[in-house]
Amino acid sequence: MTETRIAIDIPDHPTSLVVGRGLSSNLASIMSRAGIAVSNRTVVIACDANVATQAERAESSLRAAGAATARVVLSATERDKSMDAVARIWSAALSVKADRSALVIAMGGGLIGDLAGFAAATYLRGVDLVQVPTTLLAMVDAAIGGKTGVNLTLPDGSLGKNLAGAFWQPKLTVADIETLATLPRRELRAGLAECVKHAVIDGEQLFRAMESDAPRLSEGDLAALERLVPASATVKARIVSRDPFERGDRAWLNLGHTFGHAIETEPSLELLHGEAVAIGCVAAARCAVELGLLAATDAARIERLLCACGLPTTLPAPVSAAAVRERMAYDKKSAHGTLRLVLPRSIGAVEIVAAPAEQAVRTALAAIGAR
Ligand SMILES: NC(=O)c1ccc[n+]([C@@H]2O[C@H](COP(=O)([O-])OP(=O)(O)OC[C@H]3O[C@@H](n4cnc5c(N)ncnc54)[C@H](O)[C@@H]3O)[C@@H](O)[C@H]2O)c1
């Protein structure tokens, strides 16, 4: 069992990420080595129904080390990312008389991580949390940075995503690469979009590594993923350590996301978040070329890498450019009605552009196939 440990220096909340294979079965010893007590501790495991077997193994390791455990199995749909699910985790904690020394383990993709993280942040005003991400997206993105939350139902019955939540840093994040073996290929590739985004922010070394590994990554090769996860997660860890509450550089992580969110919310497309981010990154790169910020050759490299990762780079069906543009105006990152885009300047540099020229935005939307 080889492990890579990455320190995440969040001010006042230093934490770390451990990446390796077969870690879920040895969770108790990994936690102990990170200074997290297990023996005689009450541990509530909130797990995604699709990783129930791995969660059972983790639970056995914790029991063998002397923990009293309770397990809640949750379904990972955005409808179920609700206060009801959080209440189920609180009830499980109460059923084993969990006090303030208790610990919540979130085992699943970003959805379960957000839910269980919020339950940990609020149970008895906050108990310890360990994240055990089981999707690529959660390993390199969602499980790092301490954002937790649930969706709320809006008055018209639609879902308002992540409208209630808290910043709550995990004590430890454990990414077991072997859990990715069961992740559907489409979900895996969606996670690769965030990795490409991190590589564009970070620079040539990571970008080239992804270019050379792309065929293996898109097919779920665990050795290639074991190389990628620590490198990609480090990019997010470094940025959130500098800006834990999203007041500055953390906005860089929204590269491709303003276009992406506006595409993702188009109901006719049925795109996963990562797929919309991939198309959004192509649009952002094209917009940057139009504004004279990015060389066309770099934009082409970004598009080629996304394509090599098995991701879409244009809209899968015709969509109105005007409708997408209108939704971009409502992006929560727009300040006082001014559109703000995170755009690449090169492989390794991004810039926040306020009120970009409308023609550049329209050309970018046309480039991804919006009409
Ligand atoms: N907190 C943050 O900073 C942050 C960042 C990005 C996204 N998010 C949130 O994360 C969620 C998306 O996360 P995600 O992309 O990880 O998807 P997800 O958690 O919705 O999981 C996707 C699917 O994969 C299944 N699954 C998970 N692990 C599996 C495995 N190892 N084997 C088989 N199936 C598995 C799940 O059951 C689900 O069906 C959204 O709710 C989003 O709001 C949070």
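The values are calculated or read from the model by the stated rules, or taken from the named source; none is laboratory data. Just so we're clear, the structure is a prediction, and the values are computed from it rather than from any experiment. Here the Cβ is made from the backbone with ideal geometry for all residues, glycine too, and neighbour counts use every protein chain on show. SASA here: full protein model, heavy atoms, side chains in, ligands and nucleic acids out. Shrake-Rupley method; radii C 1.70, N 1.55, O 1.52, S 1.80 Å.
Across the range 28-54, which residue is farthest from the ligand (Cβ to nearest atom) among those that are under 21 Å from Ala121 (Cβ atoms) and either assigned to a helix (DSSP H, G or I) or within 19 Å of the chain's Cα centre (by Cα) (or both)? Once the filter is applied, the top-ranked residue is Met31. When each of Gly149, Gly145 is tested for being touching a Lys or Arg at 6+ places or on another chain (Cβ under 9 Å), within 22 Å of Asp84 (Cβ to Cβ), within 8 Å of the ligand (Cβ to nearest atom) and open to solvent by less than 10 Å² (accessible area, probe 1.4 Å), the lone residue that passes is Gly149. Taken over the range 325-371, residues that are farther than 25 Å from Asp249 by Cβ, modelled with pLDDT of 95 or more and not basic (Lys, Arg) amount to 9.
Results for (1) touching a residue at least 60 places away in the same chain (Cβ under 8 Å); (2) over 19 Å from Met107 (Cβ atoms); (3) assigned to a helix (DSSP H, G or I); (4) touching a strand residue (DSSP E or B) at 6+ places or on another chain (Cβ under 7 Å), shown as yes or no for each residue.
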| residue | (1), (2), (3), (4) |
| --- | --- |
| Thr173 | yes, no, no, yes |
| Ala181 | no, no, yes, no |
| Leu188 | no, no, yes, no |
| Ala193 | yes, yes, yes, no |
| Asp213 | no, yes, yes, no |
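Quick one: which of Ala92, Ala70, Ala58, Ala98 is open to solvent by less than 30 Å² (accessible area, probe 1.4 Å), more than 13 Å from the ligand (Cβ to nearest atom) and part of a helix (DSSP H, G or I)? Give the derivation first.
Working: Ala70 fails: part of a helix (DSSP H, G or I); Ala58 fails: more than 13 Å from the ligand (Cβ to nearest atom); Ala98 fails: part of a helix (DSSP H, G or I).
Unique residue meeting the criteria: Ala92.
Quick check: anything in the range 150-160 within 21 Å of the chain's Cα centre (by Cα), closer than 25 Å to Ser61 by Cα and not in a loop (DSSP other than H, G, I, E, B)? Looking for residues that are within 21 Å of the chain's Cα centre (by Cα), closer than 25 Å to Ser61 by Cα and not in a loop (DSSP other than H, G, I, E, B), one finds none in the range 150-160, hence no. Suppose the filter is crowded, with 22+ Cβ neighbours inside 10 Å and more than 18 Å from Ala300 (Cβ to Cβ); does Glu194 pass it? Yes, satisfied.
Note on the range 242-277: residues that are within 13 Å of the ligand (Cβ to nearest atom) and assigned to a helix (DSSP H, G or I) amount to 12.
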